[in-house]
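The values are calculated or read from the model by the stated rules, or taken from the named source; none is laboratory data. Everything numeric in this text was worked out from a predicted model, so none of it was measured. Note that each Cβ is placed from the backbone with ideal geometry, even for glycine, and that neighbours are counted across all protein chains shown. These area figures cover heavy atoms from the full protein model, side chains too; ligands, DNA and RNA do not enter into them. Shrake-Rupley method; radii C 1.70, N 1.55, O 1.52, S 1.80 Å.
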Amino acid sequence: MSEEHYLELCDNPVQFENASSVNNVFFDEANKQVFAVRSGGATGVVVKGPDDKNSIAFRMDDKGEVKCIKFSFGNKILAVQRTSKSVEFINFIPDMPTMEYSQECKTKNASVLGFCWTSWNEIVFITDQGIEFYQVIPDKRSLKLQKNQSINVNWYMYCPETSVILLSTTVQGNVLQPFVFRNGTMSKMSKFEIELPAVPKPAKLSLSERDIAVATIYGQLYVMYLKHHSRTVNSPGAEVVLYHLTREGACKKTHVLKLNTTGKFALNVVDNLVVVHHQSSQTSIIFDIKVKDPDSTLNVHQPVLPARSIHPYKIPLRGPTAVGSQTPVPCELYSSTWSVFQPDIIISASEGYLWYLQVKLQPAVILLKDKGKLMDFLLRRRDCKMVILSVCSQMLIGGERGSLPVIATVFDKLNQVYKEYLEAEQSYTMAVESGQSRGNPSLKRPVRTQAVIDQSDMYTHVLSIFTEKKDVSHKFIIAVLMEYIRSLNLFQITVQHYLYELVIKTLVHHNLFYMLHQFLQYHVLSDSKPLACLLLSLESTYPPAHQLSLDMLKRLSTANDEIVEVLLSKHQVLGALRFIRSVGGHDNVSARKFLDAARQAGDEMLFYTIFRFFEQRNQRLRGSPNFTPGEHCEEHVAYFKQVFGEQALMKPATL
Amino acid sequence: MICNLKSTARFAYVIRGGRETRHARADYHKEAVQRKITLMLMISPRMATAIQEKQYAPTLLNFFVYNPKFGPREGEEEKKILFYHPNEVEKNEKIRNVGLCEAIVQFTRTFCPTKPAKSLHTQKNRQFFFEPEENFWMVMVVRNPMTEKTNREGKPTVEYHEEEIIDTVYGAVLQQCYNMYKLFNGTFSRAMEAGGVELLKQKLETFFYRYLQTLHLQSCDLLDVFGGISFFPLDKMTYLKIQSFVNQVEENHSLIKYTAFLYNDQLIWSGLEQDDMRILYKYLTTSLFPRHLEPELAGRDSPMRPEMAGNLLHYGRFLTGPPNLKDPEAKFRFPKIFVTAEDGYEELHLIVYKAMSAAVCFMISASVELTREFCEQLDSLVGPQLTLLASDICEQYNVNRRISGPEKEPQFKFIYFNHMNLAEKSTIHMRKTASVSLTSVHPDLMKILGDINCDFSRVDEDEEIIVKAMTDYWVVGKKSDQRELYVILNQKNANLIEVNEEVKRLCATQFNNIFFLD
């Protein structure tokens, strides 16, 4: 059972002093920093970030209860909100004035709901009557209003990755108005309405910020709406409705995630998966919005895997006794004191922990029986490579061996991704070569994700090991190799030579030469010089390999020298000469090589013929039949004279 | 009435490398690197005479199998005879004929103990001897083709054309007879072990009684010598799909030991070894497929009535075994074949299943009982997939044809054969049917091809022979390594150089992907 927990809390959580009556804890989603503010800052503020081990600690004057506290990007400027009217600033830039300065909201009678940093020196105030966009000028200890917009706001939500602020407007609160901040500008996106399960009468605020989350999934921005089960509508349970937010155009309702239950939920997004935590059952489920349900045009999704709880987690005992190696105690999961932040953060303020939620892929291998669906799922995950390769291995070896159609499906899925990467890489290279890259910042080298499983991965981790197995039938081995080659061909991926070598090795090992012959006949094993040489080496056990090899060298059309070598080694000296002449290379070949071969053949007439041919060549090229010293043919000239007599040497042609 | 075109003279110019005498050396080098060419001229045909003539093709006179060890003593000669065709022949004549053969074989053995006589030429007929297994002799007697003329007095005279029969062709036909017997019955000695002479006799009788009727000696030619396999040209991807299909079926039905895949009567894949496939291919293409083609053409047993299996429409059906799966009462059996295995031979059921132009042979150990359920399972698994594959292949084939274009279709008549993979290709032969193989050229040209082949088989080295035949025909034979190519050209007033150029062009277009020395 324990290997079925597919969600876990990270091993190295951010620890901070737990919230108490004297210690207030704040979390900044933009910088992922936890602020522990003791006694309004007078006895210290400790800031802990996600990866910077060195936390920042400072003191500030206690000027009242802190409502909100956040650093700008790069920890340059600290903003603190203590009242509903103004926000105070403290510079953290060296050699800058450190005295606090304050900014009141511009709108009269408005109260500040909160603020968000959008760059190191740009900040947005959200008030109940609109938003105000400021630039902070730290050396002057003042702010400059860039832009503001009046709008009635119930609550707001900020997505730091995309710099989008979402405002809840109207009485029911279900009309959402997004703004995007980029390069010092603020732009309004088209507003959209969340469909409420029931419209209350009289109208009142019906959409809570607790039920809305904003996150990027597969590079696209989505607003997730937790739509609770409504008694009036006959639906089996709550749903998460996803609205796709685009820069241009209207926001569209695109996906519905079926939770099939009711109760209290929380949302996270991990590795492009939507995680829904269910508090009463203490379990979580995950959804992959790329899983297509072929039966419905509406994107209605069911959980990818059955509901499981987060993997049990142990924390060391806290308190004065916690010294040295205390036995850790189980941490209460799905605690009511947990706060969940996007995309993947869970904070237990009462225990002083911040965790990142993680997805483990290995349990999916057990829980998802359909190998095709499993592959689809894995290929979209970040750290998938080794898991995919282990799935491939399991599929070929061991008790749960897959059938060939399943193996074929898996290979096709892998190679689809592989091909897409190769194509992207190719078009990038072409663009760079053609010089389009200059002045085109959008052109980026394609990122090779872990899902790109290439031939060498398959060879090293799966196929070469698999073919070595003694207890697997060779029939199955060959079928699998052919299936992989078929799949590569299907996607027009050039098959690497070592795969062919593996096929040939397996076939030769089991004396299946006729099968090999047929594969070569249909060019299933593509031509290459190494392959031709491999075939040549098989000639002693399988004579037709000689012919196959020569044919291959001929088709390559770049291997004429090799063909000559092969023919000479077979003492087919005339054939070699005729061949090299037919391709027009006879003026450049070494005479000595041919004469050597002719001598070895032990046929005087053959030697005579070859000798005379080169004499004629000398005559034609240099006007004299004699060999030059550089050709090193003295030995052969002597032999010729000895056998046929001096007078048989060709006389220089006289004009 | 066909005018008898016949060579009256044959001249051979031989220009051969390495075998020339010394005095020719001075000019020798010019040609030596050129090529070994043998040029032959066949001078114009004799004019057809006005006299009425009647032509007779070669026919089978006798066919017998004997073993001299079975009746060594006088008076027991009949025991030697295991099979005799025609059976009606009087006993003493049978004994005489067998005795004669035995004597000839014994006599010629004194000259060459390892290679006894293969054939005996007489004016009226020719006898072929073959010893497939020790002491088992098969003899085929063929009557020479002849012309019957009525002379001015009205008296018929017969002229035999002994030279028109080529030893290698009919020798190969005789060997094929044995191989075909062996395919369906195993070796002679196997029958002897299983049931003695009586069983062997019975098997020979059953098999050859029918088989000899299908021998069409008049249409035997060079292709019988090769006994080659025609391969279906196919792109790599479709070929891999077929591989995938075969592997999946074999995985699903682990009973299947071997699979062969054919399309349009041409081989695409064989899991059997080459020699077994060669004879099985012969059986499929000359006997089984044509037999099923005829009812198809006649509209009976129409494959156009698709079988419904689930939602999938398919055109699959069994060519051997159950003719109709719907009839639960119908009895069926699959033919059994014998193929070579590591320890001698193995006996297999031969299941041939066809959908449209694609045919698959599944071979399953004969010790397994094949039930109707098995057939149904196989049908539902293979039928839909094979139907799909068949249409894929057809489509791909048409695409390739369109790409290569009709102008690439050979204008030449040629026969190609590769000894290494037994691949043969002929643009001379029309589609074979059960009854006759049709050629599109005159029999005399076919005979020249046979002659050239004989010449080739005598030498190991690469060679080329060009023959000027009657009218405007030229016949060119090339041998390179293990490959043989025969081209028939018909060009008005062509000379040797032009013919040579033409053949070069053919090689460049048709055989550019193989190493073929020119």
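Of A:Lys360/B:Lys257; A:Lys70/A:Lys106; B:Lys354/B:Lys504; B:Lys149/B:Lys201; B:Lys79/B:Lys124; B:Lys69/B:Lys124, which pairs sit farther than 32 Å apart, going by alpha carbon to alpha carbon? Intermediate results must be reported in sequence, preceding the final value.
Details: A:Lys360/B:Lys257 43 Å; A:Lys70/A:Lys106 21 Å; B:Lys354/B:Lys504 40 Å; B:Lys149/B:Lys201 42 Å; B:Lys79/B:Lys124 28 Å; B:Lys69/B:Lys124 30 Å.
The answer is A:Lys360/B:Lys257; B:Lys354/B:Lys504; B:Lys149/B:Lys201.
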By average C-beta atoms within 10 angstrom, highest first, the peptides B:189-198, A:146-155 = A:146-155, B:189-198
Would you mind checking which residues have amide H under 5 Å from A:Gly130's amide H? H placed 1.01 Å from N; only 5 or more apart, or other chain.
-> A:Ile151, A:Val153
Along segment A:477-493, what does the Karplus equation 6.51 cos²θ - 1.76 cosθ + 1.60 (θ = phi - 60°) give for ³J(HN,Hα), rounded to whole Hz, x for Gly and Pro?
-> 4, 5, 4, 5, 4, 5, 5, 5, 5, 4, 5, 4, 5, 4, 9, 6, 9
Given the pairs B:Lys54/B:Lys478; A:Lys252/A:Lys373; A:Lys67/A:Lys144; A:Lys469/A:Lys570; A:Lys475/A:Lys529, which are separated by over 32 angstrom at their Cα positions?
-> B:Lys54/B:Lys478; A:Lys469/A:Lys570
HN-Hα J in Hz across segment A:126-134 - Karplus 6.51, -1.76, 1.60, θ = phi - 60°, x for Gly and Pro | 10, 10, 6, 10, x, 10, 10, 10, 10
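Quantify, in whole percent, the carbon and sulfur part of the accessible surface of segment A:566-654 (1.4 Å probe; protein heavy atoms only). All intermediate terms of the calculation are to be shown ahead of the outcome.
Values: 2060 of 4230 Å².
Whole-percent figure for carbon plus sulfur exposure: 49.
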Return the sequence-ordered ³J(HN,Hα) values of segment B:125-139 in whole Hz as given by the Karplus equation 6.51 cos²θ - 1.76 cosθ + 1.60 applied to θ = phi - 60°, using x for Gly and Pro.
-> 8, 9, 10, 10, 10, 8, 10, x, 10, 3, 6, 9, 10, 10, 10
Report the GluC sites (Glu not before Pro) located in segment A:366-427 that are in a DSSP loop and have at most 15 other Cβ atoms inside 10 Å of their Cβ, or state none.
-> A:Glu400
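Under the classification rounded if a/c is under 1.5, otherwise prolate if a/b is larger than b/c and oblate if not, where does segment A:566-654 fall, given a ≥ b ≥ c as square roots of the Cα gyration tensor eigenvalues?
oblate
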Report, by chain and number, residues whose modeled amide H sits under 5 Å from the one on A:Leu7, excluding near sequence neighbours (fewer than 5 apart, same chain).
-> A:His311, A:Lys360
Given Cα pairs under 8 Å that are at least 6 residues apart, what percent is the relative contact order of chain A?
-> 7 percent
When the helices in the protein assembly as shown are scored as -39500 (n - 2.57) per DSSP H run of 4 or longer and the sum is shared across all residues, what 222 nm value do you end up with, to the nearest 500 deg cm²/dmol?
-> -10000 deg cm²/dmol
What is segment B:131-204's relative contact order, in percent, from Cα pairs under 8 angstrom and six or more apart in sequence?
-> 23 percent
Anything losing 30 Å² or more of accessible area from the isolated chain to the full protein assembly: pick those residues out of segment B:492-518, probe 1.4 Å, ligands and DNA/RNA ignored.
-> B:Asn513, B:Phe515, B:Leu517, B:Asp518
From the square roots a ≥ b ≥ c of the eigenvalues of the alpha-carbon gyration tensor of segment B:53-220, which class results: rounded (a/c under 1.5), prolate (a/b over b/c), or oblate?
-> prolate
Residues losing 30 Å² or more accessible surface upon assembly, segment A:594-611, compared with the chain by itself, 1.4 Å = A:Met605, A:Tyr608, A:Thr609
Of the heavy-atom accessible surface of segment A:17-153 (probe 1.4 angstrom), what whole percent is carbon and sulfur?
-> 47 percent
For segment A:540-594 and segment A:170-201, what is the separation of their Cα centres, given in Å?
-> 77 Å
How would you order A:188-199, A:339-350 from highest to lowest mean count of nearby Cβ atoms within 10 Å?
-> A:339-350, A:188-199
So, relative contact order of segment A:17-153 in percent, Cα under 8 Å, 6 or more apart, is 13 percent
Segment B:130-166 to segment A:22-97: how many Å between their Cα centroids?
-> 115 Å
Long-range amide H contacts for B:Phe515: which residues qualify at under 5 Å (H placed 1.01 Å from N, peptide plane, sequence gap of 5 or more or a different chain)?
-> A:Asp551
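Quick one: buried accessible area between A and B, total over both chains, 1.4 angstrom probe, nearest 100 Å²?
Accessible area lost upon association: around 4400 Å².
Taking the mean number of other Cβ atoms within 10 Å as a proxy for protection, how do you rank B:259-268, B:143-152 from highest to lowest?
Details: B:259-268: 21.3, B:143-152: 15.3.
By packing density, highest mean first, the sequence is B:259-268, B:143-152.
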Looking at segment B:220-242, residues buried by 30 Å² or more relative to their chain on its own, accessible surface at probe 1.4 Å, turn out to be B:Phe231, B:Lys236, B:Met237, B:Tyr239, B:Leu240
